[in-house]
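The values are calculated or read from the model by the stated rules, or taken from the named source; none is laboratory data. These numbers were taken from a predicted model, which means no experiment stands behind them. Here Cβ is always computed from backbone atoms with ideal geometry, including for glycine, and neighbour counts include all displayed protein chains.
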Amino acid sequence: MAALLLQMSPIGLVIALILVMRRPPVQAALSGVALVFLLWTAGAAGALTAAISSAIFHDTMILFLSTACVIVPGLAFVILVERGGAPQAIGAWVKELGWTPPAQVIFIVLGLAPLLEAMTGFGVSLIATVPLLMGLFSRQAGMKIALAGMVIMPWGTLGLATVIGSLLAHIPAETLGSHSALISAPVFLCLAAIAMWQAGIRTVTPWLGLLLVTALFVAVLFSINLWIGPEVSGVLAGLAVACAGLGISCAQRKKLVRWPSAAWPYLSLLGVIVASRGIFLLSGWDGLWVIKGEHVSWKPLASPGLALLIVTLLMSVKQGATAGFPWASLFKRAKFPVTTIFLFLLLSQVMVKAGFLVEAQHTLQSLSGISLAPTIALLAGIAGYVTGSNVGGNTLVMPSIAALTSEHGAWLAAMVNSAAGHGALGSLSILSLITGLAGANRQEEHSLIRFAFSLVFLNIVIVAATGGALLYFL
């Protein structure tokens, strides 16, 4: 037990610094990296060799490049769409649809919000949904419904966390994505139901509609993950719900409300993503350039960052005559998230390759299916909540799962991916964005923090129960 606590102390330090000392994640990650190197040189794990150091360096850099090449153009896209007024235009468009409150909630929570968040990540969907929902419902209800609308977290930023998780778990991204879709299915239903309840909806008919829409959402998410991959699955799941809603609206009103012209970048991004994936699937060109490390590899041409970069350049050209490219804003927004992710990746690779996870893996291996599922869900959920990132949560926990000799390894990895994503939903970074957009006072902020933590706890319980049931019956 003493050896286990010593080897896991870097992760314990990270969690303590963020939750107890309330230090920024970048400082906590840097402290964790410093401690793990100190323990390694002191002989607390495996031998310090040039071969292991080289493997750590190469795999960390490949994982970091695959992450940064999505985060940086993604943040540039976010800055430019904000400058162009796209989120506000989308909010006005939804209001113009003139739906009943139940239809509005379902459309936003399972359609619009997942669509926007899956395309960009970084809580961008909140920029459109928070003001919109606060205009449709009360302030408190609007903030809570917006938080519940972050259901797509494991597939945010074009499935980046799921792709990184698959690299860390050494399983195909399509497998991890499709398994995660099934693990997360009850979470989607419960969060949408909570959003409906917060909106004051009590009649039976809307709840039956919610079941049908959730079934559509999960079916598309699972199918696209399985057939194409996680990069476009969240986008198409949200789009399927949105298109179904718009089709019903058009049939009822005999009129189609046109998509706002200011929001053209979202349609362009969707078109580039679908076109590029189709070209690569038919031609196999995405495999022409493969960067390989010790245990991971990366296909730059298959990165969703390529689509983000193309559309970002188009926006920059269109806006460049008057505003120029926002280099200063991009650096300000990107420096801390990118640095934090790099440090978490470095920490995880040192712990894996230097042998820091041996005792933890033995402990997990000794657990039965009944106790293993809740343990993994709890660890991953806390990791996602603490780091404020699905990628960060996967980075801390997934390597331990990858080393388990279990026939259900893919399901265990999916539990990590789902729990970390749904744990990050209630993180302080997401809450600060909501309260900032809403101009919340201290009392409203504290109420939202308690609500978010209860959602995180509920999500962990749901993932544990779903994962445990699947492990038991499979």
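Values computed for the structure shown
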quantity	calculated
From the options Val461, Val397, residue that is within 20 Å of the chain's Cα centre (by Cα) and surrounded by 22 or more Cβ atoms within 10 Å (Cβ to Cβ)	Val397
Condition met for Gly74 (part of a helix (DSSP H, G or I) and either surrounded by fewer than 17 Cβ atoms within 10 Å (Cβ to Cβ) or under 26 Å from the mean Cα position of the chain (by Cα) (or both))	yes
Identity of the residue in the stretch 314-334, of a type in the set (D, E, K, R) and surrounded by fewer than 16 Cβ atoms within 10 Å (Cβ to Cβ), that ends up modelled with the lowest pLDDT	Lys318
Residue in the stretch 91-108 that is assigned to a helix (DSSP H, G or I), at pLDDT 90 or above and under 21 Å from Asn390 (Cα atoms) present	no
Odd one out for Val151 among (1) surrounded by 22 or more Cβ atoms within 10 Å (Cβ to Cβ); (2) assigned to a helix (DSSP H, G or I)	(2)
Qualifying residues in the stretch 403-437 (those that are of a type in the set (Gly, Ala, Ser), within 15 Å of Ala373 (Cα to Cα) and at pLDDT 80 or above) - the one surrounded by the most Cβ atoms within 10 Å (Cβ to Cβ)	Ala419
Residue selected from the stretch 282-313 under the condition in a loop (DSSP other than H, G, I, E, B) and free of Cβ contacts under 8 Å to residues at least 24 places away in the same chain, by the criterion surrounded by the fewest Cβ atoms within 10 Å (Cβ to Cβ)	Gly284
The listed residue being crowded, with 24+ Cβ neighbours inside 10 Å, within 21 Å of the chain's Cα centre (by Cα) and farther than 30 Å from Ser366 by Cα, out of Leu65, Leu116	Leu116
Qualifying residues in the stretch 159-174 (those that are in contact with a helix residue (DSSP H, G or I) (Cβ under 6 Å, 6 or more places away or on another chain) and part of a loop (DSSP other than H, G, I, E, B)) - the one surrounded by the most Cβ atoms within 10 Å (Cβ to Cβ)	Ile171
Cβ-Cβ under 8 Å pairs, at least 6 apart or on other chains, the stretch 114-127 side part of a helix (DSSP H, G or I) and among the charged types (D, E, K, R), far side surrounded by fewer than 24 Cβ atoms within 10 Å (Cβ to Cβ) and modelled with pLDDT of 85 or more	none
Number of the condition not met by Gly238 [criteria: (1) of a type outside the set (A, V, I, L, M); (2) in a helix (DSSP H, G or I); (3) surrounded by fewer than 16 Cβ atoms within 10 Å (Cβ to Cβ)]	(3)
From the options Lys254, Lys299, residue that is among the basic types (Lys, Arg) and either touching a Ser or Thr at 6+ places or on another chain (Cβ under 7 Å) or on the phi > 0 side of the Ramachandran plot (or both)	Lys254
Test: Phe356 is hydrophobic (A, V, I, L, M, F, W, C), buried (at least 24 other Cβ atoms within 10 Å of the Cβ) and in a loop (DSSP other than H, G, I, E, B)	yes
Pairs with Cβ under 8 Å, 6+ apart, first in the stretch 76-101 and on the phi < 0 side of the Ramachandran plot and aliphatic (A, V, I, L, M), second modelled with pLDDT of 85 or more and part of a loop (DSSP other than H, G, I, E, B)	Ala86/Pro260; Ala89/Pro260; Ile90/Pro260; Ala92/Pro260
Subset of the stretch 1-32 [more than 15 Å from Leu347 (Cβ to Cβ), free of Cβ contacts under 8 Å to residues at least 40 places away in the same chain and part of a helix (DSSP H, G or I)]	Ala2, Leu5, Leu6
Yes/no for Val130 being assigned to a helix (DSSP H, G or I), surrounded by fewer than 24 Cβ atoms within 10 Å (Cβ to Cβ) and in contact (Cβ under 8 Å) with a residue 60 or more places away in the chain	no
Residue identified as within 18 Å of Gly426 (Cβ to Cβ) and either modelled with pLDDT under 90 or assigned to a helix (DSSP H, G or I) (or both) among Pro206, Pro186	Pro186
Identity of the residue in the stretch 341-352, modelled with pLDDT of 85 or more and surrounded by fewer than 24 Cβ atoms within 10 Å (Cβ to Cβ), that ends up farthest from Ala45 (Cα to Cα)	Phe342
Residues (touching a helix residue (DSSP H, G or I) at 6+ places or on another chain (Cβ under 8 Å), aliphatic (A, V, I, L, M) and surrounded by fewer than 14 Cβ atoms within 10 Å (Cβ to Cβ)) located in the stretch 22-62	Leu48
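For (1) in contact with a helix residue (DSSP H, G or I) (Cβ under 6 Å, 6 or more places away or on another chain); (2) of a type outside the set (Val, Ile, Thr); (3) on the phi > 0 side of the Ramachandran plot; (4) touching a residue at least 60 places away in the same chain (Cβ under 8 Å), each residue gets a yes or a no:
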{"residue": "Thr157", "(1), (2), (3), (4)": "yes, no, yes, yes"}
{"residue": "Ser184", "(1), (2), (3), (4)": "yes, yes, no, yes"}
{"residue": "Met196", "(1), (2), (3), (4)": "yes, yes, no, yes"}
{"residue": "Arg202", "(1), (2), (3), (4)": "no, yes, no, no"}
{"residue": "Val218", "(1), (2), (3), (4)": "yes, no, no, no"}
{"residue": "Phe222", "(1), (2), (3), (4)": "yes, yes, no, no"}
{"residue": "Gly229", "(1), (2), (3), (4)": "yes, yes, yes, yes"}
{"residue": "Gly247", "(1), (2), (3), (4)": "no, yes, no, no"}
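Each row is one residue, and each column tells you yes or no for (1) buried (at least 18 other Cβ atoms within 10 Å of the Cβ); (2) out of contact with any His (no Cβ under 7 Å at 6 or more places or on another chain); (3) of a type in the set (S, T, N, Q).
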{"residue": "Leu176", "(1), (2), (3)": "yes, yes, no"}
{"residue": "Ser180", "(1), (2), (3)": "yes, yes, yes"}
{"residue": "Trp197", "(1), (2), (3)": "no, yes, no"}
{"residue": "Leu208", "(1), (2), (3)": "no, yes, no"}
{"residue": "Leu212", "(1), (2), (3)": "no, yes, no"}
{"residue": "Gln252", "(1), (2), (3)": "no, yes, yes"}
{"residue": "Val257", "(1), (2), (3)": "no, yes, no"}
